[in-house]
Amino acid sequence: MKYLVSLYAFGLLFGCGSNPKENPPKEIIKNTTPIEEVIIEPVIKEPILPPGAVEANFIEGEVPLYAHVKYVDKKNGKTIIAFQDKKLPPITISETYGASLSSLRFDEFDRDLLLITTKLKDPIFNKYFLYIYKDGQWKKVVNGFSLHKSHVTDSLIPIRIDPENPNNLFRYYSVFDLDETSELGYTWRLLSESIPIQNK
């Protein structure tokens, strides 16, 4: 009897014989909105061109890169042309005091050429240098040539392929000439010539 009372009390304390509380099932909420996949494309930064830089295909089959005047040593008369990310060796031109750059493309060449228009000590002249990048170095296409500034016009193309001989370049140059009809007693004449291409 004593054990029976104990079992009864135990049942009352712990809820024996009673129905356990049933928790209602949790509702599973499904997101019916389709998930859009966001693809983040890498941002390709275009190189910032220095003032006066020129961009061209100096290497056959490669992407264009720029050339710019890096430094002008006016004390010693040197102009240094450098290239984007030092991908190509620099060009140093002595006896010059600054430069402007442009690129030329001819069908007879498989890449762009670099035309450097330099300033000389005598400010009334420009001297031109035409280069091609070949075999890991810059090579002159022809020797440098000078033009008097009175001959430099927007319509004058200082150098181009000779239409009568594709192995030559046709260029202009200025020469000093005594001229009795001039008030100064001399004049600068604009001449032209066809010369062989040194490097192609």
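The values are calculated or read from the model by the stated rules, or taken from the named source; none is laboratory data. Model, not experiment: these values are computed from the prediction. Please note: Cβ atoms are built from the backbone with ideal geometry, for glycine as well, and neighbour counts cover all protein chains shown. Note: accessible area is taken over every heavy atom of the protein model, side chains too, but ligands, DNA and RNA are not part of it. Shrake-Rupley method; radii C 1.70, N 1.55, O 1.52, S 1.80 Å.
Multiply the residue gap between Ser94 and Tyr71 by 0.36 nm, knock off their C-alpha separation, and tell me the result in nm, one decimal place.
Extending this stretch completely gives an extra 7.1 nm.
Distances over 15 Å make up what percent of all Cα-Cα pairs in the stretch 42-130?
Distances greater than 15 Å cover 61 percent of the Cα pairs.
Write down the accessible area per residue of the stretch 96-200 in Å², having rolled a 1.4 Å probe over the full set of protein chains.
I get 56 Å² per residue for the stretch 96-200.
Can you give the FRET efficiency to the nearest 0.05 for Asp110 and Arg189, using r as the Cβ-Cβ distance and R₀ = 30 Å?
Computed FRET efficiency for Asp110 and Arg189 comes out at 0.25.
Keeping all protein chains in place and using 1.4 angstrom, which order do Ser102, Ser155, Ser150, Ser174 fall into by accessible surface area, from largest down?
The most accessible residue leads, giving Ser155, Ser150, Ser102, Ser174.
For labels at Glu164 and Asp85 in the simple 7 Å Cα→Cβ model, what's the distance in nm?
Going from the Glu164 label point to the Asp85 one covers 4.7 nm.
For the stretch 89-200, what does the equivalent ellipsoid look like in terms of its semi-axes, each the square root of 5 times an eigenvalue of the Cα gyration tensor, given largest first in whole Å?
27, 18, 11
Identify the residues of the stretch 131-145 with backbone N under 15 Å of a label point that sits 7 angstrom from the Cα of Asn57 along the Cα-to-Cβ direction, or state none.
133, by backbone N distance to the label point.
For the pair Asn199 and Ser150, what calculated FRET efficiency results from E = 1/(1 + (r/R0)^6), where r is the Cβ-Cβ distance and R0 = 45 Å, to the nearest 0.05?
FRET efficiency, Ser150 to Asn199: 0.90.
If packing is taken as the mean number of other Cβ atoms within 10 Å per residue, what is the order of 51-58, 87-94, highest first? Walk me through the intermediate numbers first.
Numbers: 51-58: 16.4, 87-94: 14.6.
Highest-to-lowest ranking by the protection proxy: 51-58, 87-94.
Mean separation of Cα pairs under 8 Å and 6+ residues apart, divided by the residue count of the stretch 82-144: what relative contact order is that in percent?
So the answer I get is 23 percent.
What's the carbon and sulfur percent of the stretch 85-200's accessible surface, probe 1.4 angstrom, rounded to a whole number?
Looking at the stretch 85-200 in its full context, I get 47 percent from C and S.
Give Lys87/Lys127; Lys78/Lys139; Lys119/Lys139; Lys86/Lys139; Lys75/Lys134 a once-over and call out the pairs whose C-alpha atoms are over 23 Å from each other. Display every interim value, and only then the final one.
Working: Lys87/Lys127 26 Å; Lys78/Lys139 18 Å; Lys119/Lys139 20 Å; Lys86/Lys139 17 Å; Lys75/Lys134 31 Å.
Long pairs (Cα-Cα over 23 Å): Lys87/Lys127; Lys75/Lys134.
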